[in-house]
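Read through the structure below, which is laid out as structure tokens, and then see the notes.
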């Protein structure tokens, strides 16, 4: 009888250990999924921002090609 109780206690401890490891694994998987979701969202936002900057730069370049740049004069101009 005492051997049976000892075996039951060892099995209970092993079961609790296995449950603990499974819970930790599930938490780790959830954290990784959440981190991956945030990373994908941040990458999409950065890509959109980059596209917006590129479009603004192209629009500015197109505007500059239509309107000549202001020329610098060698002598300072005075406003009266």
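The values are calculated or read from the model by the stated rules, or taken from the named source; none is laboratory data. No experiment lies behind these values; they were computed from the predicted model shown.
For the reader, a short list of remarks on this structure follows.
- Options 14, 25, 48; residue that is part of a helix (DSSP H, G or I), modelled with pLDDT of 95 or more and within 16 Å of the chain's Cα centre (by Cα): 48
- Any hit, segment 66-77, residues being in a helix (DSSP H, G or I) and modelled with pLDDT under 95: yes
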